[in-house]
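What follows is a short report on a single structure.
Where a number appears in this text, it was derived from the coordinates with a stated rule and is not lab data. Model, not experiment: these values are computed from the prediction. A quick note on method: Cβ atoms are made from the backbone with ideal geometry, for glycine too, and the neighbour counts reach across all protein chains shown.
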Amino acid sequence: MDDDALIPISALQHYLYCPRQCALIHLEQQWAENRHTAEGRLLHQKADAPQAERRKGVRTVTAMPLLDLDLGITGKADVVEFHAEPGGERAFPVEYKRGRPKGHRADEVQLCAQALCLEAMLGQQVNAGALFYGRTRRRKEVIFDEGLRTLTRDVIGRTRAMLDSRITPPATYEPRRCDACSLIDLCQPKLLSRTSVSGWLKAQLEA
């Protein structure tokens, strides 16, 4: 598969949070930072430095490149722990997130996609991983059951279809989601959900 056709694993999380946000970032190359994204960036700083260490029978690799050519996804794992087992090591991905556990499954899908890459790369079953949340300072274990795997593959397909279409979805304003998004000023969901894109462009030209 051509590198340009590979979907970043982060795009799956963006798509489940908001398809329009995903398109603005991955199609239109738009980005803006707010307090939430800055906190997330700081939380990831340690994990973003590639290194490996071993403690108490666990080998820990940070910033590990990931790839699954069959699914067409690529990315980087914050942390992959390799736990010693009879006959070898078992991979256990860990993703760092700011805030606390969420009411949707976007973070779990992102982590499951990492596990699918690890399975393709290592030739082993990856049964579980963890999400570490900065607000609670605790891990939430995630089991990669068939339901989550099916959801993850479905999201990969839907994300690919949207990116291949080269069409950014229209804006819809949902306060709980939109007000926390760093792209709210670029997206203009309040304005564009009340008027057509052509109407908005006309207003900008007449301003």
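So the values come out like this:
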| item | result |
| --- | --- |
| Residue-wise HN-Hα coupling along the range 152-159, computed from phi with Karplus coefficients 6.51, -1.76, 1.60 (Hz; x: Gly, Pro) | 5, 5, 5, 5, 4, x, 5, 5 |
| Evaluated at q = 0.20 Å⁻¹: base-10 log I(q)/I(0), Debye formula over Cα of the range 3-169 | -1.48 |
| Other-chain or far-sequence residues with amide H under 5 Å of residue 142's (modelled H) | 129, 130, 131 |
| Beta bridges per DSSP with both ends in the range 3-169, % antiparallel, nearest 5 | 80 percent |
| Segments 111-121, 97-107 sorted - mean Cβ within 10 Å per residue, highest first | 111-121, 97-107 |
